[in-house]
Amino acid sequence: MKTHRSIFWSVALSLCASVLIAPRLSAAPAADPADDDSMVVASADCYAIGQQVAAQNGGTLAKANSSTQGGQEVCVIVVLVPGKDGQRPRRAEFVVPQN
């Protein structure tokens, strides 16, 4: 009787483990190298544009993201500009065409 219980529990545990692990393995999307390369280039372009905008405004680049607005690719740049008289920096957001 004990052997039947141990076999039952072994089978039950392995089934539970397979039910929990299998969907995670099959749900992962396949990576497309062409998509990854294009996103890296766009991010690099926005980062370079963000560095220029930050330098022009005397601030520090906080964030640079690519986005689509009105059917046009743009970079959304967030710059931290130093405050006046020792105040904390203010956040300035710029939307720049990505060309």
For Lys84, Lys63, what's the largest-to-smallest order of accessible area, 1.4 Å probe?
-> Lys84, Lys63
Can you send over the solvent-accessible area of Asp45, 1.4 Å probe, protein chains only, in Å² to the nearest 10?
-> 70 Å²
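The values are calculated or read from the model by the stated rules, or taken from the named source; none is laboratory data. Model, not experiment: these values are computed from the prediction. Heavy atoms of the whole protein, side chains included, go into the accessibility calculation; ligands, DNA and RNA do not. Shrake-Rupley method; radii C 1.70, N 1.55, O 1.52, S 1.80 Å.
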